[in-house]
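The next block holds one structure in the form of structure tokens; read it before the comments.
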Amino acid sequence: MQNHEIAKILDEVADMLEVSEDSFFRVRAYRNAARIIRDHPLPIAQMDLKQMRELPGIGADMAGKLKSLVDTGDFDVRRQLAGKIPTGLIELLRLPGLGPKRVRLLSERLRIRDIDDLKKALGAGALRTVRGFGSRMEQQLAQALIGEKHAARARLMYAEAAQSARALLDYLHREAAVEHVEVAGSFRRRKETVGDLDVLALSAAPAAVMEHFLRFDAIKQVLGKGDTKSSVLLSGGLQVDLRVVARESYGAAMVYFTGSQAHGVHLRRIAQSRGMLLNEYGLFRGAERVAGASEEEVYRALGLPLIAPELREDRGEIEAAAAGRLPRLLAREDLRGDLHSHSTYTDGRASIEQMAVRAREAGLDYLAVTDHSRRVAMAHGLDPLRLRDQWREIEAVAKRVEGIALLRGIEVDILDDGSLDLPDDVLAELDWVVASVHYKLSQSAKEMTRRMIAAMRNPHVDVIGHPSGRLLTGREPSEFDLDEVLHVACEEGCALEVNSQPERLDLTDSACLKAKHAGVKLVVSSDAHHPRDFALLEYGVNQARRGWLEPADVLNTRPLAQLRQR
DNA sequence: GCCGTTTTCGGCCCGACTGTTTTCAGTCG
């Protein structure tokens, strides 16, 4: 049983406990445990009771339940709740305006057990007979049920959200009362997908800012508006929450709205333990404001150094900060080269020379030209003959374009059985070999693991490209045993890629962290198919930073000479 | 259900906005 599966079950139990009006704190204990387990780099299923108990937020009781879940597939509390609460009822929680209290009310008063029941009750006008439900609620629910399929729309990819964010910020800057404005939330934490934009504005005249905001022409619907906070839906479906705060509160508000929620809760607990109160307006001791204008100030007053937004997930960053052991995170400027790019020899859109020139402009010292191998027929993949042809071209361009070193590379396909799409003697003549899976992504975990390991065992392979093959636009990651792959990668000195394409971002942040712990090196690559794609490296760096990666963990931070003698 | 630099019992993060109320509960982030 995978960590995310365990976490999902714990969250479901928390939902059921909430609907049955169990203790709020018990519910929170389950949610907390779910989050801890979801984020944990090692498989919980392989831990014994003692190791489970050592996780923060998992006590003796929870550890026992987890053990039972892993061993038998279920545990006492879950069994009891499942007999009492229909699963359809839990799904109602996802509807807007419906929380545990109202769902329970619906179930008791109207015998509603699932979404179908709710639809019928709405149609019969039965809802308004229940205390706490009025016409607005009926309307809201009816609308949500009509748009049910659309409501489940995916979160936006970070790069997409960035476009909306830029347009919105440009617009907000036009109001003179806005002294400063930034996007906080998961966007600022650089999560790979973003559900909404939390925008924070600094102003002494909140009313003017609100008024201006609500006139933004991309707004489709105003979900709520107040003196300091408003929520809207943009025409693209993205939700935006705007908060306006005063100067003395800006830092505290930034901490608060950047989140994550778990990080914030942890900070507020620390504040409390020191006899202070932390909220979005500041850090207070009694009536005295101890800090609030800047984030640095707030963290410092809690005895901590500033923590990078990308780390704020309560995955140990607060403990690391307290111990003075925060990582020195990778930055875009640390990257000296790009080790995955394409040209018109296969499916790239620009010549080797155009790519080289732009890579140099992007501040890179070296670029590996890694076109596809023949198996990728769609891209007119290279056979040994055309590959040798390309080497002559690389050599010629290297003479014409100064200031950047070009490496002879390949993105060689990993075939179904783990063998490579080009013979060893050809691979031996290359400076840099990326090995990637492009076909038969749906093999069993066992087959895929064996396939990747076979590729890594080939001494010419330097890095595995986009290891999971997942696309945020809808393709699930292929299944394989990450621990096993990391083990072999470490053994063979084979690196894993962090692919910067916005829809790939593969490896994920938590896989980066796992790789780091396993002693495996990473490569942050653009996988550029166009000269402008070198700008995408920013996204790969975001992902790497969320995975706690430091420059030393990433091979292409090294000068070329050092990379070669690896 | 977790946890301990006041505690092994008695706490547990915090506030804005909405809808439905006539002073507040529920939801949301």
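Top to bottom by accessible area (1.4 Å), largest first, where do A:His266, A:His380 land?
Working: A:His266 25, A:His380 110 Å².
The residues order as A:His380, A:His266, largest area first.
Write down the radius of gyration of the stretch A:366-441 and its Dmax, each obtained from C-alpha positions, in Å.
12.9, 41
Tell me the per residue accessible area of the stretch A:3-151 using a 1.4 Å probe; a whole number in Å² is fine. Numbers along the way, then the final one.
On the way: 8450 Å² over 149 residues.
About 57 Å² of surface per residue is accessible.
So how much slack lies between A:Arg104 and A:Ala45, counting 0.36 nm per residue of separation and subtracting their Cα-Cα distance, in nm? Before the final figure, lay out each step's value.
Working: separation 59, 0.36 × 59 = 21.24 nm, distance 3.33 nm.
The span from A:Arg104 to A:Ala45 would gain 17.9 nm if fully extended.
Along the charge dipole of the stretch A:486-566, Cβ charges K/R +1 and D/E -1, which of A:Pro551, A:Gly540, A:Ala511 sits furthest on the positive end?
The listed residue farthest towards the positive side: A:Pro551.
How big is the Kirkwood radius of the stretch A:1-81, worked out from every pair of different alpha carbons and given in Å to one decimal? Show your work: numbers first, answer last.
Working: mean 1/r = 0.0806 Å⁻¹.
Across the stretch A:1-81, the inverse of the average 1/r is 12.4 Å.
Put A:Cys490, A:Cys512 in order of accessible area, largest first, 1.4 Å probe: what do you get? Can you show the working numbers first?
On the way: A:Cys490 65, A:Cys512 0 Å².
From most exposed to least exposed: A:Cys490, A:Cys512.
Against the longest principal axis of chain A, how steep is helix A:3-19, in degrees 0 to 90 to the nearest 10, with axes from Cα atoms?
For A:3-19 against chain A, the angle is about 10 degrees.
Could you order A:Phe25, A:Phe213 by accessible surface area, starting with the largest, using a probe radius of 1.4 Å? Working shown, then result.
Numbers: A:Phe25 135, A:Phe213 0 Å².
Sorted by accessible area, descending: A:Phe25, A:Phe213.
Per DSSP H run of at least 4 residues, take -39500 (n - 2.57); add these up for chain A, divide by its residues and hand me the 222 nm value, nearest 500 deg cm²/dmol.
Values: 25 runs with 244 residues, N = 566.
My calculation for chain A gives -12500 deg cm²/dmol from helical runs alone.
Relative to the compact-globule scaling 2.2 N^0.38 Å, provide the ratio for the alpha-carbon radius of gyration of the stretch A:332-564.
For the stretch A:332-564, the normalised Cα radius of gyration comes out at 0.92.
Grab the beta carbon distance between A:Arg289 and A:Ala207, set R0 = 30 Å, and tell me the FRET efficiency rounded to 0.05. All intermediate terms of the calculation are to be shown ahead of the outcome.
Details: r = 24 Å, r/R0 = 0.78.
Computed FRET efficiency for A:Arg289 and A:Ala207 comes out at 0.80.
In Å, what is the Rg of the alpha-carbon atoms in the stretch A:417-548, and how long is Dmax?
Cα-based Rg and Dmax for the stretch A:417-548 come out at 14.1, 39 Å.
For the stretch A:181-340, compute Rg over Rh where Rg is the Cα radius of gyration and Rh is the Kirkwood radius from the inverse mean 1/r over Cα pairs. The partial results should precede the final answer.
On the way: Rg = 17.3 Å, Rh = 17.0 Å.
Across the stretch A:181-340, the Cα-based Rg/Rh ratio is 1.02.
With everything on Cα atoms, drop me the angle between helix A:445-457 and the longest principal axis of chain A, reported from 0 to 90° to the nearest 10.
Relative to chain A, helix A:445-457 is tipped by roughly 40 degrees.
Strictly greater than 15 Å: what percent of every Cα pair in the stretch A:82-168 meets that? Please report the intermediate quantities before stating the final value.
Numbers: 2323 of 3741 pairs.
Every Cα pair in the stretch A:82-168 considered, those over 15 Å come to 62 percent.
For chain A, just run the numbers: alpha carbon Rg, then divide by 2.2 N^0.38 Å, N being how many residues it has.
On the way: Rg = 26.4 Å, N = 566, 2.2 N^0.38 = 24.5 Å.
With N residues counted in chain A, Rg over 2.2 N^0.38 Å equals 1.08.
With the crude spin-label approximation of a point 7 Å out along Cα→Cβ, what separation in nm comes out for A:Ala561 versus A:Leu277?
With each label placed 7 Å out from Cα toward Cβ, I get 6.1 nm.
Of A:Lys440/A:Lys521; A:Lys50/A:Lys514; A:Lys84/A:Lys220; A:Lys191/A:Lys225, which sit over 30 Å apart, Cα to Cα? Intermediate values should be presented prior to the final figure.
On the way: A:Lys440/A:Lys521 26 Å; A:Lys50/A:Lys514 21 Å; A:Lys84/A:Lys220 41 Å; A:Lys191/A:Lys225 27 Å.
Violating the 30 Å Cα-Cα cut-off are A:Lys84/A:Lys220.
Take every DSSP beta bridge whose two residues both sit in chain A, then give the antiparallel share in percent to the nearest 5.
Working: 24 of 54 bridges.
Here the share of antiparallel DSSP bridges comes out near 45 percent.
DSSP loop (so not H, G, I, E, B), at most 15 other Cβ within 10 Å: list which trypsin sites (Lys or Arg not before Pro) in the stretch A:332-417 pass both filters. Could the numbers behind the result be given before it?
On the way: sites: A:Arg332, A:Arg336, A:Arg349, A:Arg358, A:Arg360, A:Arg374, A:Arg375, A:Arg386, A:Arg388, A:Arg392, A:Lys399, A:Arg400, A:Arg408; in loops: A:Arg336, A:Arg349, A:Arg374, A:Arg375.
Taking the stretch A:332-417 and a limit of 15 other Cβ atoms within 10 Å, the loop trypsin sites (Lys or Arg not before Pro) found are A:Arg349.
Which shape class, rounded, prolate or oblate, goes with the stretch A:3-151 when its Cα gyration tensor gives a ≥ b ≥ c as root eigenvalues, a/c under 1.5 marks rounded, and past that a/b bigger than b/c marks prolate? Show your work: numbers first, answer last.
Working: a/c = 2.77, a/b = 2.39, b/c = 1.16.
The shape class here is prolate.
With angles folded into 0 to 90 degrees, how steeply does helix A:352-361 sit against the dominant principal axis of chain A? Use alpha carbons for both and round to 10.
So the inclination is approximately 60 degrees.
In square angstrom, what is the accessible area per residue of the stretch A:156-245 with a 1.4 angstrom probe? Intermediate values should be presented prior to the final figure.
Working: 3920 Å² over 90 residues.
On a per-residue basis, the stretch A:156-245 sits at 44 Å².
Roughly how many percent of the accessible protein surface of chain A is carbon and sulfur, given a 1.4 Å probe and a whole-percent answer? Don't skip to the end; give the middle numbers.
On the way: 12660 of 26190 Å².
Result for chain A: 48 percent of the exposed heavy-atom area is carbon or sulfur.
With charges set only on the Cβ (+1 for Lys and Arg, -1 for Asp and Glu), what does the dipole of chain A come to about its Cα centre, in debye to the nearest 20?
Working: 80 positive and 84 negative charges, 410 e Å.
Its charge dipole is roughly 1980 debye.
The values are calculated or read from the model by the stated rules, or taken from the named source; none is laboratory data. This structure is a prediction, so every number in the text was calculated from the model and none was measured. When we count neighbours, we look across all protein chains shown, and the Cβ atoms used for this are built from the backbone with ideal geometry, even at glycine. Please note that ligands, DNA and RNA were not included when accessible areas were found on the heavy atoms of the full protein model with its side chains. Shrake-Rupley method; radii C 1.70, N 1.55, O 1.52, S 1.80 Å.
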